[in-house]
Amino acid sequence: MFFHLTFLLALPIIHAAAVPNPHDSHDDNHSHDVRQSLPSNWYQARDHPVHNLFKRAPGDGVNYAPVGTAAWSAAFPRAFPDPNALPADWVNALNAAVAAGKIPNIPTSTNTPQTNPVYPPGFNPNSPQVCSATYKCRIPGDIWDSPNGVFASSFDDGPSPTTPTLVQFLGTNNVSTTHFMIGVNILAYPSQFLSAFDAGNDIAVHTWTHPYMTTLSNLDVLGQLGWTMLLIHNSTGGRVPRYWRPPYGDSDMRVFGLDTVVWNQDTSDWSAPNPGVIQDSLTRFLTGPKTPGHGSRTRDYTDHGNRVH
């Protein structure tokens, strides 16, 4: 599904929930202009037309609702977005894009736990028609590698209770990173979200509820990306994120949007609770070949709840 910004520009303006709040610190003056782990600023330029989709009317005399308040969270789904409850204008724009041939007609995959998504007979996941990242097919323009000799870190699935510990550790070591955030986790841990944002790290989209994206319908994909973009926009003084990472690296020619960031090194911390195992994994690829550069991912949580791996 080609959810490029050219498609998103067809969507209507969505007004942020707003209340008078002259002391909101997450405004346009908050500095996030230094390049971090991503190839450019994590948000779209202020003059990019995509802002017409999200910003409130100019000069209305109010600021965004403070992050963590009831007014801030009221408009957002609490679980998997209901495709029947999406804004009608979003759906109309999607239908128009389908009718115009802008959405590739590839069937959804099916997924069984502990296995890769499977496409129907006749659809090769490594073919140019499908090009599934799950099967290591690389769509032109997607980001897998960092430049030669460069290590690019990223953390998925946050925010979580341990996010401030991670942010403090990175700051102490003068390291910037990219946080690929899940929408429902931002709702659940707003102060932890702000700790990452206020530290000047990059914020990117990791969908609303972390599904296998190629298994979803067009409407479901629209909800997963759109609501997450809107929540980040409303929580960062109006910044529209430009990068996303598909959960499990599951994307294809039907499901990708924004600028897609995958990875070429996985710490596998999700399967190895022993920090020593994770450290050994990191050491192996950090001391290995530097061409291409290392683009790694680590999870922003721990099952133990008392340390960040």
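The values are calculated or read from the model by the stated rules, or taken from the named source; none is laboratory data. Source: prediction; values computed, not measured. Heads up, the Cβs are rebuilt from the backbone with ideal geometry, glycines too, and the neighbour counts pull from every protein chain shown.
Structure values in brief
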item	result
Selected residue (only one of Phe197, Phe180, Phe169, Phe151 is of a type outside the set (Ser, Thr, Tyr) and over 29 Å from Thr291 (Cβ atoms))	Phe197
Among the candidates Ser132, Ser176, residue that is closer than 27 Å to Leu282 by Cα, touching a strand residue (DSSP E or B) at 6+ places or on another chain (Cβ under 9 Å) and either of a type in the set (Ser, Thr, Tyr) or at pLDDT below 95 (or both)	Ser176
Test: residue in region 246-268 that is more than 30 Å from Pro49 (Cα to Cα) and modelled with pLDDT of 75 or more	yes
Test: residue in region 178-198 that is assigned to a helix (DSSP H, G or I), surrounded by fewer than 17 Cβ atoms within 10 Å (Cβ to Cβ) and β-branched (Val, Ile, Thr)	no
Meets criteria (buried (at least 19 other Cβ atoms within 10 Å of the Cβ) and among the charged types (D, E, K, R)) for Asp202	yes
Per-region count, region 62-103, residues small (Gly, Ala, Ser) and assigned to a loop (DSSP other than H, G, I, E, B)	7
Residue in region 148-159 that is among the acidic types (Asp, Glu), part of a strand (DSSP E or B) and either under 21 Å from Pro247 (Cα atoms) or in contact (Cβ under 8 Å) with a residue 24 or more places away in the chain (or both) present	yes
Members of region 143-173 that are of a type outside the set (Val, Ile, Thr) and at pLDDT below 90	Trp144, Asp145, Ser146, Pro147, Asn148, Gly149, Phe151, Ala152, Ser153, Ser154
Complete set of residues in region 208-222 that are buried (at least 24 other Cβ atoms within 10 Å of the Cβ) and either of a type in the set (Ser, Thr, Tyr) or over 18 Å from Val262 (Cβ atoms) (or both)	Trp208, Thr214, Leu222
